[in-house]
1. Relative contact order for the chain using alpha-carbon pairs under 8 Å, separation at least 6, rounded to a whole percent?
2. Note down the Stokes-Einstein diffusion coefficient of the chain in µm²/s, whole number, using a Kirkwood radius over alpha carbon pairs, 37 °C, and 0.692 mPa s.
3. Kirkwood hydrodynamic radius, the range 102-180, all distinct C-alpha pairs: what's the number in Å?
4. Given the DSSP H assignment, sum -39500 (n - 2.57) over each helix run of at least 4 residues in the chain and divide by its residue total; what's the result at 222 nm in deg cm²/dmol, nearest 500?
5. To the nearest 10 degrees, how steep is helix 137-146 against the longest Cα principal axis of the chain, on a 0 to 90 scale?
6. How would you rank 171-178, 75-82, highest first, on the average number of other Cβ atoms within 10 Å across their residues?
7. For the range 1-101, what is one quarter of the convex hull surface built on the Cα atoms, given in nm²?
8. How far, in degrees from 0 to 90, does helix 152-164 lean away from the longest principal axis of the Cα atoms of the chain, to the nearest 10?
Amino acid sequence: MSLTDPLFFDNDCLSAFLWVNYESILVKLYPGRIVIPHQVYTELSNPSVNRVKGLKAQVNTLVMSSQATVVSIIVGSPVYDLYFKLTQNPDPGHNRIGDGEAAAIALAKEQGGILASNNLRDISNYVREFGLKHVTTGAIMKEAMAAGLITEALGNAIWQNMLNKKRRLGYQSFSDYLKYNP
């Protein structure tokens, strides 16, 4: 992964860190590279998507401190065309996906960035098809440990807090993630 590529966050991956108040991991690992599609920003204040209040305020703090950027997709642009296709008119054999996922995928593809998303069931076909670089919460936590930002023990505590907030991470602990993703 390049040290300059922007990371386009889907709601599920960004929220995993916001819900447990560890967005500082993202800020330290990816200074100035955190990009939040406007569709994801909108989802953060939607109670049917996020049950925890205050996430949008946390993102606003990141934006005001220039640690993150919220990006809109311009109608008529190639990014918009792909976004529309993914959400409204996918190719045969592909399912329609949510606005946040589609925006993050379209932006990552068109701008040569990295997709940050945990929703593997919905996105893995597009990651392969478009040749996208992709990270999950687990990969980010592993990178944080390699950078000395967290220990495995702290990673397990953060992971458990994420699970307690009903985040789907695919493993019962950070240690399990590390064991199966060396």
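1. 25 percent
2. 199 µm²/s
3. 13.5 Å
4. The per-residue figure over the chain is -15500 deg cm²/dmol.
5. Helix 137-146 sits roughly 50 degrees off the main axis of the chain.
6. Ranked from most to least packed, the peptides come out as 171-178, 75-82.
7. The Cα convex hull of the range 1-101, projected and averaged over all directions, gives 7.5 nm².
8. 50 degrees
The numbers here are math on the coordinates, done by the rules we state, and not lab data. All figures in this text were calculated on a predicted structure; none of them were measured in a lab. In this analysis, Cβ positions are derived from the backbone assuming ideal geometry, glycine residues included, and neighbour counts consider all displayed protein chains.
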